[in-house]
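The values are calculated or read from the model by the stated rules, or taken from the named source; none is laboratory data. Since the structure is predicted, the reported quantities are computational estimates derived from the model, not experimental observations. Cβ placement follows ideal geometry from the backbone for every residue including glycine, while neighbour counts extend to all protein chains displayed.
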Amino acid sequence: MTTAEHLAQYSVTLNQARDFIVSNLSAPNVIYETCLQFGVSASMIAEIYGGVTKEQVVSFFDSQGLNGSALEANDIISSPTVLSSEGAFSLSFILGSTATDVISAGTGPLPSIEVAIGMEGDDNLIGNSNTAAALLGGSGDDTYTAGSAGHYVVMDTSGSNDHLNIPYSFAVLEATLINDGRDLGLYTDNFELVLPDWQNPDNRIETISLSDANYNYNDLAAAVNIYAVNKENPYYFGMDLNAINKQIQLFEKLASVDSSNSAEILNFDTSQVVGSDSLIDYFI
């Protein structure tokens, strides 16, 4: 997604964004907080303002007592990797930082999947509407927000106060158990969300906010026990969920990425990779 396309999601043009930056140069905290809120990265700011580099943008905010590196969280760190085999799709990654990050993920509908990896910090990960996104918070108390339509994977790996926002009521959503209940799918028309290994204490989402009320993990577990069904041929990401085990394993592996291993895990050569199974095998 280009900078212009990202801004257009909020009905803002490049010229309007530049005017905002110029008019608030005397109040850098206003620029900083606004860019964090709307997922505008350091490289985007450099492009909008013109004549500066991403590194200079980070340095500027650092000099103002702000964490400039947090604005690097929305930079795509690798080119999309085309996967094939069981349901072709492509992956691109957005890498967070050790600080608190706000990351918007999802550039379009399937078969493109954008993977947001929050790493450390109390992150806010947002799945854009009408897209496919994997929101992987990492450590910290993270907040996940799914769009009103799209395909989403949400996975947490630690924290005791994680929060998931879903823009539907309890009455509208349906639930399906995947892999003998290990993974949970929530869905309605034009909306699908998978919670891998959702009952594992390390991966639990403590609070789920639906449009009608807030529910804790125990509420969700009780409702799933009553209402969820094991569908014989449920579908997710356009694939038969009975054949998606490796894809789920891939997201679980990526959810473990943090500042200590991100370079090693994500710095891979895809030129010789053929098919999703080969790439997934590389990771797992």
Qualifying positions in the range 95-119 - among the acidic types (Asp, Glu) and either in a strand (DSSP E or B) or under 10 Å from the mean Cα position of the chain (by Cα) (or both)
Glu114
Is it true that some residue in the range 246-253 is closer than 16 Å to Val194 by Cβ, at pLDDT below 50 and surrounded by 14 or more Cβ atoms within 10 Å (Cβ to Cβ)?
no
Selection from the range 129-141 of residues that are crowded, with 22+ Cβ neighbours inside 10 Å and not in a strand (DSSP E or B)
Gly137, Gly138, Gly140
